[in-house]
């Protein structure tokens, strides 16, 4: 097992100051249909409604692929003022939902993308804040889409590395900036 600070070190060492991995990304138009306003968008993992009865609390609300996609599509890319949906980093077919699990596969814009770990971390944080605790969340880069695919996947799914990364105030601030647009889609 590697040191928890490895995620942070790899993140910081992978990009030189001012270096941009994809200076001219292709930007795609987003879906014209309004995003579904689900209970997941309205409630956070950290807020509970104390007026719920015990029966209501035991009810398990099914969650589908589109709800998960709605949660992550408006996350900003760390390098560009575009969403992950606009850059086609995420799409609904890349989301798999089970009764107690969610798997998200994302596609970096370039095979040498140094922001892949940060993008995956943003996706993980968004889902952990939004989904009920029963869900196991797995985040992966699309097979063959990144030159360090195995290393990125290992980092993104190692609880200790993720926890250590989120203890870094600079990295956490960057994650919060990427998440600053979530839930705003479709609101005029």
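The values are calculated or read from the model by the stated rules, or taken from the named source; none is laboratory data. What you see is a predicted model, and the numbers here were worked out from it, not measured in a lab. Cβ placement follows ideal geometry from the backbone for every residue including glycine, while neighbour counts extend to all protein chains displayed.
Return the residues of segment 144-171 that are surrounded by fewer than 13 Cβ atoms within 10 Å (Cβ to Cβ) and free of Cβ contacts under 8 Å to residues at least 60 places away in the same chain; say none if nothing qualifies. Give the steps one after another, and end with the answer.
Filtering segment 144-171 down to residues surrounded by fewer than 13 Cβ atoms within 10 Å (Cβ to Cβ) leaves 144, 150, 159, 163, 167, 169-170.
The answer is 144, 150, 159, 167, 169, 170.
Evaluate the following for residue 101: is it buried (at least 18 other Cβ atoms within 10 Å of the Cβ) and closer than 19 Å to residue 71 by Cα?
Against the criterion (buried (at least 18 other Cβ atoms within 10 Å of the Cβ) and closer than 19 Å to residue 71 by Cα), residue 101 does not qualify.
Going by what's in this entry, would residue 139 be described as assigned to a strand (DSSP E or B), touching a strand residue (DSSP E or B) at 6+ places or on another chain (Cβ under 6 Å) and under 17 Å from residue 178 (Cβ atoms)?
yes
I'd like the full set of residues that are over 12 Å from the mean Cα position of the chain (by Cα) and either free of Cβ contacts under 8 Å to residues at least 24 places away in the same chain or assigned to a helix (DSSP H, G or I) (or both), limited to segment 67-85.
Of everything in segment 67-85, those that are over 12 Å from the mean Cα position of the chain (by Cα) and either free of Cβ contacts under 8 Å to residues at least 24 places away in the same chain or assigned to a helix (DSSP H, G or I) (or both) turn out to be 67, 81.
Just one of (1) part of a loop (DSSP other than H, G, I, E, B); (2) within 28 Å of residue 147 (Cβ to Cβ) trips up residue 99, so point out which.
(2)
Among the residues of segment 150-176, count how many are in contact with a strand residue (DSSP E or B) (Cβ under 9 Å, 6 or more places away or on another chain) and either farther than 23 Å from residue 83 by Cβ or at pLDDT below 95 (or both).
First, the residues of segment 150-176 that are in contact with a strand residue (DSSP E or B) (Cβ under 9 Å, 6 or more places away or on another chain): 152-153, 156-157.
Right, trim to either farther than 23 Å from residue 83 by Cβ or at pLDDT below 95 (or both) and you get 157.
So the answer is 1.
Take the conditions more than 15 Å from the chain's Cα centre (by Cα), over 17 Å from residue 120 (Cα atoms), surrounded by fewer than 20 Cβ atoms within 10 Å (Cβ to Cβ) and modelled with pLDDT of 90 or more and apply them to residue 62. Does it pass?
It is false that residue 62 is more than 15 Å from the chain's Cα centre (by Cα), over 17 Å from residue 120 (Cα atoms), surrounded by fewer than 20 Cβ atoms within 10 Å (Cβ to Cβ) and modelled with pLDDT of 90 or more.
Using the structure shown, decide if residue 126 is modelled with pLDDT of 95 or more, touching a helix residue (DSSP H, G or I) at 6+ places or on another chain (Cβ under 7 Å) and under 17 Å from residue 96 (Cα atoms).
yes
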